[in-house]
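> This structure is in C-alpha cells; I'll ask about it shortly.
Only the coordinates and a few stated rules stand behind these numbers; no lab work does. Remember, predicted model here, so these are calculated numbers, not experimental data. Positions of Cβ are generated from backbone atoms using ideal geometry, with glycine treated the same way; all protein chains shown enter the neighbour counts.
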Amino acid sequence: MSWAAIARKDFRDAARSKALWGLTVLFVLFMAGFAYLFTLLQGQGQGQGQSDAVLSSLDYVSFLMSPVALLVPITALVITHKSIAGEVESGSAKFLLSLPHTRRDAVVGKVVGRGSVLAASIGVGLVAALVVVLALYDVFDAGVFLTFAVMTVLLGFVYTGIGVGLSATTKDSGRATILAAGFFVVFEVVWGFASNALYYLVEGSFSPPFAQAADGTPYLDAPGWYFFVQRLSPSEAFASATQWFTDSTATFLPAFDTIPFYLTGWASLVILVAWVVVVPAAGFYVFSRADL
Amino acid sequence: MAAIELSGVTKRYGDVTALHDLDLEVRDGEIYGFLGPNGAGKSTTIDILLDFVRPTAGSATVLGHDSHADSLSIRQRIGVLPEGFHVYERLTGRQHVEFAIESKGANDDPDALLERVGIPDAADRKAGGFSKGMQQRLALAIALVGDPEILILDEPSTGLDPNGAREMRSIITEEANRGATVFFSSHILEQVEAVCDRVGILKNGQLVAEDTIRGLRDAAGTGSSLTVTVDELSADILAAVEDVPGVSGVSADGDTLTVSAENAAKTDILDAVESAGGEVEDFATREASLDDVFAAYTNDEAVEA
C-alpha cells in the first residue's frame, strides 16, 4: 500500500498549491456558470416562440458535454505532465525512491494523488452547478446528474493516468510537455479525421453519406467500425458513454437495428478504463528500466 | 557479512565509462569514507546501490540482497541522504519526516528527529524556503528515520557551514556507535579523516586506493606539499628530488615542480634542486590536499604496475 502514502503526500502537496485553488475556482465558474448561462439561452429561445422549453438537468448535461470533454483533459494534462519527469529532473524523485517505494508505487501514487486533486476540484464545481440547477431548473433528475458527475470524474482520472504515464517515459520535463500536447492534438483534435481517413481507404470517399430516420432526422449512414474508431478517443468515449447512461430515449445510431456491443456505453467505459490502465502501464514499463 | 559489496561493476553511459570494473567491500559496522574528485563515479556507485541506475556489468549487494532485484527490502533497512536531491517545496519539514516515517512503517517522533539535526524551528515551515544547509539537515533527519542498519550519505556536508559539518560528523559517529554501518562520499579529505575507519579513493571510475586513515596519512606524507619553481627544469633535477628520502610524489609542470613530502624533507628537497644544477626562483608550501593524496596513490600504483 506504499502508493497510498505517495498519493496522500502528493495530494497534500497539491492542496497547498495555488494551482488547486485556481483549478477549483475555474470549475466552479465553468460548471455553475454554464448552468446559469444555459437558463439564459433557453429563456431567450422561449421568448422567440419556441415551444415548451422546459429546463431540465438532462439538457444541461448535453449542453455541458463538449466543453467538459475539452476542459477536463486539458486541466488534467496541465497538472500531470511534469509529475514524474519533473521530479526526476529536479531530484525530488531521489528523495522519494530512496525510501522503500517501488517505481510502480510512484506511478500509481501519482495517478491517484493528482486524480484526487482534480476530482476534488470537479466535485466542488459540480456542487455549485447543482445549486444553480436546483434553484433555476424545472426538472431535476438526480440519476442523470450523478451519472454525469461520475463520468466527469472518471474522465479526469483517465487523463490524469495518461498525463502521468506519458510523464514517466522521459526525464526531460520539456519533452514531457511536448508528449502531453502531442497526445491531446492527436486524440482530441486530429482523431476525428482518423476515422474519415480509414473510411476513405475502405470506401473510397471521405465522408459516409447521410440518411434520414423515420422521423426525418438526418443521421450518418456509416459502418460500425467507423463509430468505434471515433470512440477510441478518450473524450469521445466519455461523451458516448455519458449519453448512453443518461439519455435512454435518444436515438443512438439509427443505422443499426440493434446496437452492436462495441458501440454500447459499456464498450465506451471499457475504452476509458483501457486508457487509464494502458498509458500508465506503458509509462511504468519505460520508467522501470530507466537510469534516474 | 559485508554490509555493501560491489563486484566487477562497470557502468557506461553511451561511450562514457563512469565505473570501470569496480570491486568494493564495506564491512559491517564500519564507517567507510568514499573519496574522490567530482565526476570520479561516487554518485554513480551510490545510485547503483539504490537501484537508481543499473550496472552495465557486475553486481552489487547491500545487506546480502541484490541491489536491483531486492531493492525494496534494501531501502526498507537503510537510510539515504541522496546527492542533488530536491525537497517538496510546499511540504513542511515535519511533513517530509512524517512521509519518511509512514513510508518505512517506523514509529519515530518527527520533532525529535528535527531537533537532533538542529532544525527544530523548521518543523512548520515549508521546505521551499529552506537554505541549502537546512535542506541538507532535513535530508539527514529523513535518512535517520527507522534506525537504519546502513546509512548511505552522498556528499553529506554540501551546503553546511563548518559548524554544521561538525554536527553532521558527530551524528555519523553516534550512528556508528549504535551499530550502524556508515558509507559516505566526499570530495573533501578533512571530512573523512575525522570519522572514518577506512577510506576508498575513486578516480576515473576505478578504486585507486583503499586504506585506513593511518595508511592514508602515511601515504600522503605528514600532510604537506612543496612547489618549487626553477630557472630551467631538467631530468637531473627531477631525479634528484625523487631520490630525496621522505618524498612520496613529484610532478612537473613547465619549470614548476610539485612535491608531496614530509615536512622534514623540505630543506633536503631545495638542496637537491640546487646541487643538481637548478636555481630556485620561488617556492611555496601548502597543506596536503586530496590531490596530493591522489598523486601519492596513483604514483605508487604506477610503480607497482
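> Tell me whether chain A comes out rounded, prolate or oblate; compute the Cα gyration tensor, take square roots of the eigenvalues as a ≥ b ≥ c, and use a/c under 1.5 as the rounded threshold. Numbers along the way, then the final one.
Working: a/c = 2.48, a/b = 1.42, b/c = 1.74.
Oblate.
> Which of the helices in chain B meet the span-like rule: DSSP H, Cα axial reach of 15 Å or more, Kyte-Doolittle mean at least -1.0? If you can, show how the numbers build up before the last one.
Details: long enough: B:93-104 (17 Å, -0.83); B:132-144 (18 Å, 0.57); B:162-178 (24 Å, -1.18); B:290-304 (21 Å, -0.17).
Span-like helices here: B:93-104, B:132-144, B:290-304.
> Once you average over the residues of B:85-94, how many Cβ atoms of partner chains fall within 10 Å of each Cβ?
Working: counts 8, 9, 4, 10, 5, 8, 4, 2, 0, 0.
Counting Cβ atoms of other protein chains within 10 Å of each residue's Cβ and averaging gives 5.
> For n ≥ 4 DSSP H runs only, could you compute -39500 (n - 2.57) per run for the protein assembly as shown, divide by its residues and tell me the 222 nm figure to the nearest 500?
Working: 23 runs with 322 residues, N = 597.
After summing the helix terms and dividing by the residues of the protein assembly as shown, the value is -17500 deg cm²/dmol.
> Roughly how big is the protein assembly as shown's charge dipole about its Cα centre, with Cβ charges of +1 (Lys, Arg) and -1 (Asp, Glu), in debye to the nearest 20?
Numbers: 39 positive and 73 negative charges, 719 e Å.
Its charge dipole is roughly 3460 debye.
> To continue, here is another question. Name the aspartates and glutamates eligible as straight-distance cross-link partners of B:Lys104: C-alpha to C-alpha under 16 Å, and not fewer than 8 places from it in the same chain.
Filter leaves A:Asp105, B:Asp70, B:Asp147, B:Glu149.
> Given Cβ point charges of +1 (Lys, Arg) and -1 (Asp, Glu) and nothing else, what value in debye, to the nearest 20, does the dipole of chain B about its Cα centre take?
Working: 24 positive and 55 negative charges, 357 e Å.
The calculated dipole for chain B is roughly 1720 debye.
> Dipole magnitude of segment B:221-287 about its Cα centre, charges +1 at Lys/Arg Cβ and -1 at Asp/Glu Cβ only, in debye to the nearest 20? Could the numbers behind the result be given before it?
Details: 2 positive and 15 negative charges, 68 e Å.
For segment B:221-287, the charge dipole is close to 320 debye.
> Past the 20 Å Cα-Cα mark, which pairs from A:Lys110/B:Lys42; A:Lys94/A:Lys171; A:Lys9/A:Lys82; A:Lys94/B:Lys132?
On the way: A:Lys110/B:Lys42 30 Å; A:Lys94/A:Lys171 13 Å; A:Lys9/A:Lys82 16 Å; A:Lys94/B:Lys132 16 Å.
Table pairs above 20 Å Cα-Cα are A:Lys110/B:Lys42.
> Please order A:His101, B:His96 by the number of other Cβ within 10 Å, starting at the fewest.
Details: A:His101 18, B:His96 25.
Least to most surrounded, the residues fall as A:His101, B:His96.
> Still on this structure: So what is the relative contact order for segment B:51-154, in percent, with contacts set as C-alpha pairs under 8 Å and at least six apart?
Details: 139 pairs, mean separation 38.5, N = 104.
Taking the mean separation of contacting Cα pairs over the length of segment B:51-154, I get 37 percent.
> What aspartates and glutamates sit close enough to B:Lys11 to cross-link, taking a C-alpha to C-alpha distance under 13 Å and skipping anything fewer than 8 places away on the same chain?
Filter leaves A:Asp291, B:Asp21, B:Asp23, B:Asp47, B:Asp51.
> Report the residue, chosen from A:Leu41, A:Leu263, A:Leu55, that carries the largest GNM mean-square fluctuation when chain A is represented by alpha-carbon nodes joined by springs under 10 Å.
Sorting by GNM fluctuation, first place goes to A:Leu41.
> Excluding residues on the same chain fewer than 8 positions from A:Lys18, give the aspartates and glutamates whose Cα lies under 20 Å from its Cα.
Leaving aside aspartates and glutamates fewer than 8 places away in the same chain, those within reach of A:Lys18 are A:Asp10, A:Glu87, B:Glu89, B:Asp124.
> Separation of segment A:189-216 and segment A:64-114 by C-alpha centroid, Å?
Comparing the Cα centres of segment A:189-216 and segment A:64-114, I get a distance of 37 Å.
> Next question. I'd like to verify something in chain A: which complete DSSP H helices, judged by Cα projection on the helix axis, reach 27 Å or more and average at least 1.0 on the Kyte-Doolittle scale? Could the numbers behind the result be given before it?
Working: long enough: A:18-47 (42 Å, 1.12); A:57-80 (31 Å, 1.72); A:103-136 (49 Å, 1.52); A:142-167 (37 Å, 1.86); A:265-289 (37 Å, 1.71).
Helices meeting the criterion: A:18-47, A:57-80, A:103-136, A:142-167, A:265-289.
> Which of B:Ala180, B:Tyr13, A:Ile271 sits farthest toward the positive end of the charge dipole of the protein assembly as shown, with +1 on the Cβ of Lys and Arg and -1 on the Cβ of Asp and Glu?
A:Ile271
> Can I ask one more? Can you give me the P(r) profile for segment B:221-287? Cα pairs, bins 5 angstrom wide beginning at 0, each as a whole percent.
With a bin width of 5 Å, the distribution comes to 4, 21, 37, 27, 10, 2.
> What nm distance separates the two modelled labels at A:Ile178 and A:Val127, each placed 7 Å from Cα along Cα→Cβ?
4.2 nm
> Could you list A:Ser2, A:Ser240, A:Ser98, A:Ser17 in order of exposure, starting from the residue whose Cβ has the fewest other Cβ atoms within 10 Å?
A:Ser17, A:Ser2, A:Ser240, A:Ser98
> Something else now. Among A:Leu96, A:Ser240, B:His68, pick out the residue whose Cα is farthest towards the positive end of the charge dipole of the protein assembly as shown, where Lys and Arg carry +1 and Asp and Glu carry -1 on C-beta, about the Cα centre.
Of A:Leu96, A:Ser240, B:His68, it is A:Ser240.
> Which order do A:Thr264, A:Thr258, A:Thr170, A:Thr80 fall in if you start with the one that has the fewest other Cβ atoms within 10 Å?
Numbers: A:Thr264 15, A:Thr258 5, A:Thr170 21, A:Thr80 28.
Ranked by crowding around the Cβ, least crowded first: A:Thr258, A:Thr264, A:Thr170, A:Thr80.
> Which whole-number percent gives the relative contact order of chain B, counting Cα pairs below 8 Å spaced six or more residues apart?
On the way: 619 pairs, mean separation 55.4, N = 305.
The normalised contact order for chain B reaches 18 percent.
> Kirkwood Rh, Cα Rg: Rg to Rh for segment B:42-94?
Details: Rg = 13.0 Å, Rh = 12.4 Å.
The Rg/Rh ratio comes out at 1.05.
> Of all the Cα-Cα pairs you can form in the protein assembly as shown, what percent are over 37 Å apart?
On the way: 91458 of 177906 pairs.
Percent of Cα pairs beyond 37 Å in the protein assembly as shown: 51.
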